[in-house]
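The structure appears right after this line, and notes come after that.
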Amino acid sequence: MARTLSDKARKEAEAMVKRFPHKDGALLNVFRIVERDMGYLDEDAVKISAEICGMPPAKAWGVFTFYTTFKTKNDGKYRMWVCSTLPCALSGSEQLYDHLKETLDCNEHGTTKDGLITLKKAECLGACGTAPCLQLEDDYYENLTRDKVDQLVTELKRGVARPAGYTQDP
């Protein structure tokens, strides 16, 4: 059975499209609205978004699969991206990623068995001056160490929705 979008979210998405000179320019914003309403993006959600933006579903799917920040069905409650580009890598991000992967015991999708966290690599988070860094949902954690990421994971497991230190040194 196909998933559907609420009337309220559809109206919000349609209003968003009207703010753009070219309807397809609103696609990323429409994805966010649809994701918030439906919980995650899948084929049905992408088709709905494409229809609202007046574009072929295949084009919308190409955009959806290009970006890694949209929530999918296999994602945990929290999504965590560790930056893997050169400044972060030189500052130890690869070791932090490996440590997190081992600590969290993620499945093949990068998600913990309890469905709490999905761990992924990101190409650049734009925080090169405070490497290594990670993004947890919309918040950045910078100047990281193993102890700091362990503290972050502990707080998430305790149910702290926005652990101390978000967008700054934890």
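crowded, with 17+ Cβ neighbours inside 10 Å, closer than 30 Å to ASN143 by Cα and of a type in the set (Val, Ile, Thr), is that true of VAL82? Yes, satisfied. Out of GLY92, GLY54, GLY39, which single residue is assigned by TED's automatic domain parsing to the domain that holds LYS120, surrounded by fewer than 17 Cβ atoms within 10 Å (Cβ to Cβ), touching a residue at least 24 places away in the same chain (Cβ under 8 Å) and at positive phi? Of GLY92, GLY54, GLY39, the one residue that is assigned by TED's automatic domain parsing to the domain that holds LYS120, surrounded by fewer than 17 Cβ atoms within 10 Å (Cβ to Cβ), touching a residue at least 24 places away in the same chain (Cβ under 8 Å) and at positive phi is GLY92.
So that you can scan it fast, the table gives a plain yes or no per residue for (1) part of a helix (DSSP H, G or I); (2) at pLDDT 95 or above; (3) loosely packed, with under 13 Cβ neighbours inside 10 Å; (4) touching a Gly at 6+ places or on another chain (Cβ under 8 Å):
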residue	(1), (2), (3), (4)
HIS99	yes, yes, no, no
LYS120	no, no, no, yes
GLY126	no, no, yes, no
GLY129	yes, no, yes, no
PRO132	no, yes, no, yes
TYR140	no, no, no, no
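The values are calculated or read from the model by the stated rules, or taken from the named source; none is laboratory data. All values reported here derive from a predicted model rather than from experimental measurement. Glycine also receives a Cβ, built like all others from the backbone with ideal geometry; neighbour counts cover every protein chain displayed.
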